[in-house]
Amino acid sequence: MKLSRPARRVLLVVHVVASAGWLGLTLGLLALGATAATTASPVTVEASVRGMKLFADWLLLPLAFLTLASGLVLALGTPWGLARHRWVFTKFWLTLATATATVFALRPGVDAAVAAVAAGGPLPDAGEVLFGPVVSLSAYVFMTVISVLKPWGPTRRGRRLRARAGAAGRGPGARTAGV
């Protein structure tokens, strides 16, 4: 499947906006988590973890899945391919891992913190509200860097496809069009 140029451009904008939104939302979660972990005010702790829950319940998963889906369609519908270049393949697996971690680690940690604080107790573990955003932010910054730099070259599969294309008359070492 090859995307038309207008479809590719629209999808690229959707992907970049969703990815930037996911990164920004993670910065917001980190700020709220740091506030909850460092303040002595129970009211501020509760407001911070409730804000985190609101972000995690309503915004985080839709942005994560939109980023994953748009990136997958872009990879499959353009010459970059999903498994032709190491940077694309790496981004796919990191996006899948961070989306999965959001579902199974970050959201349950935030839910536990909200339950404990709403019951009148202290924040049970600052790591519950800090670890997820810190790991996610690190992954998103790394993915942004490799999206810009496109390091490491093609995968074995990508080299085979490039060689086949060269043998089919496109010339040796012919490059495929970028996104």
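The values are calculated or read from the model by the stated rules, or taken from the named source; none is laboratory data. These numbers come from a predicted model, not from an experiment. Please note: Cβ atoms are built from the backbone with ideal geometry, for glycine as well, and neighbour counts cover all protein chains shown. For accessibility, only protein heavy atoms count, side chains too; no ligands or nucleic acids. Shrake-Rupley method; radii C 1.70, N 1.55, O 1.52, S 1.80 Å.
For the reader, a short list of remarks on this structure follows.
- Residue 154 passes every criterion in (1) surrounded by fewer than 16 Cβ atoms within 10 Å (Cβ to Cβ); (2) out of contact with any Ser or Thr (no Cβ under 9 Å at 6 or more places or on another chain); (3) farther than 24 Å from residue 40 by Cα apart from (1).
- Being in a helix (DSSP H, G or I) and touching a Pro at 6+ places or on another chain (Cβ under 9 Å) is true of residue 117.
- Residue 85 meets all of the listed conditions (1) within 20 Å of residue 31 (Cβ to Cβ); (2) at pLDDT below 95; (3) open to solvent by less than 50 Å² (accessible area, probe 1.4 Å); (4) over 15 Å from the mean Cα position of the chain (by Cα) but one, namely (1).
- Extreme residue, modelled with the lowest pLDDT, among residues of the stretch 1-23 that are part of a loop (DSSP other than H, G, I, E, B) and open to solvent by 60 Å² or more (accessible area, probe 1.4 Å): 1
- Some residue of the stretch 24-33 being under 19 Å from the mean Cα position of the chain (by Cα), over 20 Å from residue 114 (Cβ atoms) and open to solvent by less than 40 Å² (accessible area, probe 1.4 Å): yes
- Residue 130 vs. criteria under 24 Å from residue 31 (Cβ atoms), of a type outside the set (Val, Ile, Thr), in contact (Cβ under 8 Å) with a residue 24 or more places away in the chain and assigned to a loop (DSSP other than H, G, I, E, B): no
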